[in-house]
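One structure below.
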Amino acid sequence: MTERTEHDEERTFAALPPVSGGGFARTWWGRAWLKALEDAALDGEQVKAGRRLARAGAVGAVSVRPGRVTAVVQDRDGTGRRADVLLQELSGDHWDRFLDMAVERAGHVAALLDRDMPPHLVEDAATAGVELLPGLGDLEAECECGAWDHCGHTAALCYQVARLLDQDPFVLLLMRGRAERALLDELHLRGTESAAGCQDSHDGLPTGLVESHRDGVDAAEAFATGEILPPLPEPPRLPTEPGLPPSLDTETRPAPGLDPTALKFLAAQTAQEAHRLLAEALCPGHEQQPLGDELTFRQDVVRLAAGAPAASIAARLGEGSGRGREGLALAVRAWRYGGAAGLAVLDEEWPVPAESLARARAALETAWDEGERPSLRSTHNRWTVVGGSTQLRLGRDGRWWPYRKERGRWAPAGPAAHDPATALASVTGEPDS
């Protein structure tokens, strides 16, 4: 909660709760504020002590006014110390330059109203000779503890201010000497005067040309700012388990054709898939991996069926996929062994190209010791043990998949292996050569 004085020249922010894990600043300008502290402090241990105090919630209500922020910071023994951090106000000339720059680029004002401070706003201000963010040595410290440099109390206050800046960049502008309301009033006044002058300068021109000039964006400016991007936020933490979908138990009757049980199942499966994708994305080196192909309709039906749906939903999935109940059960088994690749081996029978066929035959010849190789009959990418009920299938990626005949149908019997003997042994129970 924020309290303001009548003239909006001081804002008081209630004490913020302790910080549990993570950094203090999420925005790039909040991190720039902390960098000014951390780079200039002569005693790094005091900065660490301040960070611990701020993390523990030891900073009381923060008062922000032009040139100064103030708060009472409690030591670990409960002793309160008044801490002040000073930042030089901008001069009247500097504010004139900033306001003129902001009026010319309406997007800057819109960003501030959205509680955002895009990098090109700060860069445009710097080009106009106005430094908004503090630099090395700009944050001066005053504390009741008597320290002449930043102590744990003033450092803790700086860390708390970084959290306030994350929420509202107007806090920085107030420290630099302009309250939000006064700043917006001045921008409105200058914008009105600029619009009136622009209208006078366009008298006699076709209306369409005037409107085009007003609505257009300078090409050089757009090109120059196109690659100025804020730093990426910290990656999210992986939840321990997928989220729970909202309850669908209401007193309202479902709409015709809507199956709440099926909808609940879809929501739960979506949460599980999102959790899996996030886990993969957070793995080191994930950005170097190629993007996988999007699942087809038939593949996605099998993925859903692998989620152990209720019997009524499984029946609908079997009918919708065209596989039927038994065919869907085999597809689910293949999916659990190898995902889309395992499903492809179940569904596809394909002639092996000559080069791949030569490698496959060489692998079969060398996989077993002399006299131990089973007799195999080949059909396209499938090698069946003669007189037996087992089969090897070659995937397009060169891996071998074991199959077993069950009730007259070939069924997946295990995960893939690069060695055909290993794959076949997983079905027959024979030791791996």
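Okay, residues lined up against (1) touching a Ser or Thr at 6+ places or on another chain (Cβ under 7 Å); (2) free of Cβ contacts under 8 Å to residues at least 24 places away in the same chain:
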residue	(1), (2)
V72	no, yes
V85	yes, no
R97	no, no
R105	no, no
H108	no, yes
A128	no, no
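W401 meets all of the listed conditions (1) closer than 24 Å to F297 by Cα; (2) crowded, with 20+ Cβ neighbours inside 10 Å; (3) of a type outside the set (K, R); (4) touching an Asp or Glu at 6+ places or on another chain (Cβ under 7 Å) but one, namely (4).
Return yes or no: is G78 at positive phi and either β-branched (V, I, T) or touching a His at 6+ places or on another chain (Cβ under 8 Å) (or both)?
Values: at positive phi: yes; either β-branched (V, I, T) or touching a His at 6+ places or on another chain (Cβ under 8 Å) (or both): no.
Here the answer is no, as G78 does not meet what is asked.
Restricting attention to the stretch 261-282, does a residue exist that is outside any helix (DSSP H, G or I) and loosely packed, with under 14 Cβ neighbours inside 10 Å? Working first, answer last.
Quick first cut of the stretch 261-282, residues outside any helix (DSSP H, G or I) only: 282.
Right, trim to loosely packed, with under 14 Cβ neighbours inside 10 Å and you get 282.
Yes.
Taking (1) open to solvent by 60 Å² or more (accessible area, probe 1.4 Å); (2) closer than 21 Å to Q299 by Cα in turn, H418 satisfies each apart from (2).
Pairs meeting the criteria (first residue in the stretch 273-288 and under 10 Å from L238 (Cα atoms), second residue open to solvent by less than 50 Å² (accessible area, probe 1.4 Å) and not polar (S, T, N, Q), beta carbons under 6 Å, at least 6 apart or on different chains) are H275/P242.
Open to solvent by less than 30 Å² (accessible area, probe 1.4 Å), on the phi < 0 side of the Ramachandran plot and outside any helix (DSSP H, G or I): which single residue out of V171, V122, V130, V161 fits that description? Talk me through it step by step, then tell me what you get.
Details: V171 fails: outside any helix (DSSP H, G or I); V122 fails: outside any helix (DSSP H, G or I); V161 fails: outside any helix (DSSP H, G or I).
Only one candidate passes the filter, namely V130.
For the stretch 285-292, the count of residues that are farther than 22 Å from H418 by Cα and surrounded by 13 or more Cβ atoms within 10 Å (Cβ to Cβ) is zero. Consider L295 carefully, then state whether it is farther than 23 Å from G408 by Cα and either open to solvent by 30 Å² or more (accessible area, probe 1.4 Å) or among the aromatic types (F, W, Y) (or both). So L295 fits the description; yes.
In the set G191, G107, which member is surrounded by 13 or more Cβ atoms within 10 Å (Cβ to Cβ), at pLDDT below 85 and under 34 Å from the mean Cα position of the chain (by Cα)?
On the way: G191 fails: under 34 Å from the mean Cα position of the chain (by Cα).
Answer to the selection: G107.
In the stretch 130-170, which residue that is free of Cβ contacts under 8 Å to residues at least 40 places away in the same chain and over 35 Å from the mean Cα position of the chain (by Cα) is farthest from D93 (Cα to Cα)? This residue is G146. Residue-level analysis places L37 among those that are open to solvent by less than 20 Å² (accessible area, probe 1.4 Å), outside any loop (DSSP other than H, G, I, E, B) and either of a type outside the set (K, R) or closer than 16 Å to A71 by Cα (or both). Answer yes or no as to whether E349 is assigned to a loop (DSSP other than H, G, I, E, B), touching a strand residue (DSSP E or B) at 6+ places or on another chain (Cβ under 8 Å), of a type in the set (D, E) and open to solvent by 40 Å² or more (accessible area, probe 1.4 Å). The answer is yes for E349.
The set of residues in the stretch 300-316 that are farther than 21 Å from R382 by Cβ, assigned to a helix (DSSP H, G or I) and either open to solvent by less than 30 Å² (accessible area, probe 1.4 Å) or in contact (Cβ under 8 Å) with a residue 24 or more places away in the chain (or both) comprises V301, R303, L304, A305, S312, I313, R316. Is it the case that the stretch 12-22 has a residue that's outside any strand (DSSP E or B) and surrounded by 19 or more Cβ atoms within 10 Å (Cβ to Cβ)? No, the stretch 12-22 has no match at all.
The set of residues in the stretch 318-342 that are in contact with a helix residue (DSSP H, G or I) (Cβ under 6 Å, 6 or more places away or on another chain) and open to solvent by 70 Å² or more (accessible area, probe 1.4 Å) contains only R325.
The values are calculated or read from the model by the stated rules, or taken from the named source; none is laboratory data. Given the structure is predicted, the values throughout are model-derived calculations rather than measurements. All Cβ positions, even for glycine, are placed from backbone atoms using ideal geometry, and neighbour counts span all protein chains on display. When the accessible area is computed, the model is the full protein with side chains, heavy atoms only, and any ligands, DNA or RNA have been set aside. Shrake-Rupley method; radii C 1.70, N 1.55, O 1.52, S 1.80 Å.
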